[in-house]
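Below is one structure, written out as structure tokens; comments come after it.
The values are calculated or read from the model by the stated rules, or taken from the named source; none is laboratory data. Note that the structure is predicted; figures quoted are calculated from it, not measured. As a convention, Cβ positions derive from the backbone with ideal geometry for all residues, glycine included, and neighbour counts pool all protein chains shown. Just the protein is used for accessible areas: all its heavy atoms, side chains included, with ligands, DNA and RNA removed. Shrake-Rupley method; radii C 1.70, N 1.55, O 1.52, S 1.80 Å.
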Amino acid sequence: MRLRGLVALAATAAFVLAPAGTPSGSANPQLLATVGPGFTIRLTHPDGSAVTKVDPGVYDVVVRDLANEHNFHLSGPGVDELTDVEAIVNVTWTVTFKDARYTFVCDPHSSSMRGTFVSGTPPAPAPDPTPAATAKKLVLTVGPTAAIILTNTAGKRVSTAKAGVYTILVRDRSKVHNAHLVGKGVNRKSGLAARGTQTWKVRLSAGLLRFFSDRNPKSVRGSIKVI
Ligand SMILES: [Cu+2]
């Protein structure tokens, strides 16, 4: 009676000390990766909930590849682990997740058998090339009405620009007016009677950058500050 009680107590203690999914001796949090036997792929926490977000750090990924037609492929910054498609295998990978986005797929069926999760705070996605291009490109438009405007490539008027080398797309849409750009070290103009598009490469230095039509320089004009 007394002995049985002790055994029961010991069993209980062992169970408490080694919660499900955390074999004793492993200090790393575990994630369970399962692929197959059907067309399913899952990455879960030991409690069975799907992995969508984790803290950065070292993890043991316990993989159960239950199919000889699928594999489990985990990849992302600093991680690229995979099982063989033909193999039915249990394996544990110790991986380090950074602040990044990670993907798991079955390679032969990667369009349907896939998942992603986030570790920590991933860096912002690589910026679209357009804003970077916008930064050093300007558009100077004169006409068709008596107006001249300087915009970015998205068509938004600019009031300041950082000093540097710019490509300025000049759109002269008037047979009456021209585009004349004057600033520190800059003096370019299109033809008064001419219409058309041209590209000027200019170095803009700090100071006032003025643009106007030589026909009516007092009324058809504008300026921005180069800083
Ligand atoms: Cu597959």
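The table for this structure:
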read-out	value
Selection status of Lys218, over 17 Å from Ala146 (Cβ atoms) and either part of a loop (DSSP other than H, G, I, E, B) or open to solvent by 30 Å² or more (accessible area, probe 1.4 Å) (or both)	no
Residue in segment 126-133 that is assigned to a strand (DSSP E or B) and either open to solvent by 10 Å² or more (accessible area, probe 1.4 Å) or at pLDDT 90 or above (or both) present	no
Near pairs, Cβ below 6 angstrom, 6+ apart or cross-chain, from segment 35-60 (closer than 16 Å to Gly120 by Cβ) to any residue that is within 16 Å of the ligand (Cβ to nearest atom)	Val51/Leu43
Test: residue in segment 179-189 that is assigned to a strand (DSSP E or B), touching a residue at least 40 places away in the same chain (Cβ under 8 Å), touching a Lys or Arg at 6+ places or on another chain (Cβ under 6 Å) and β-branched (Val, Ile, Thr)	no
Options Val105, Val62, Val95: the member that is open to solvent by less than 20 Å² (accessible area, probe 1.4 Å) and more than 16 Å from the ligand (Cβ to nearest atom)	Val95
Qualifying residue in segment 8-30 (condition: touching a strand residue (DSSP E or B) at 6+ places or on another chain (Cβ under 6 Å), open to solvent by 60 Å² or more (accessible area, probe 1.4 Å) and either among the β-branched types (Val, Ile, Thr) or modelled with pLDDT under 95 (or both))	no
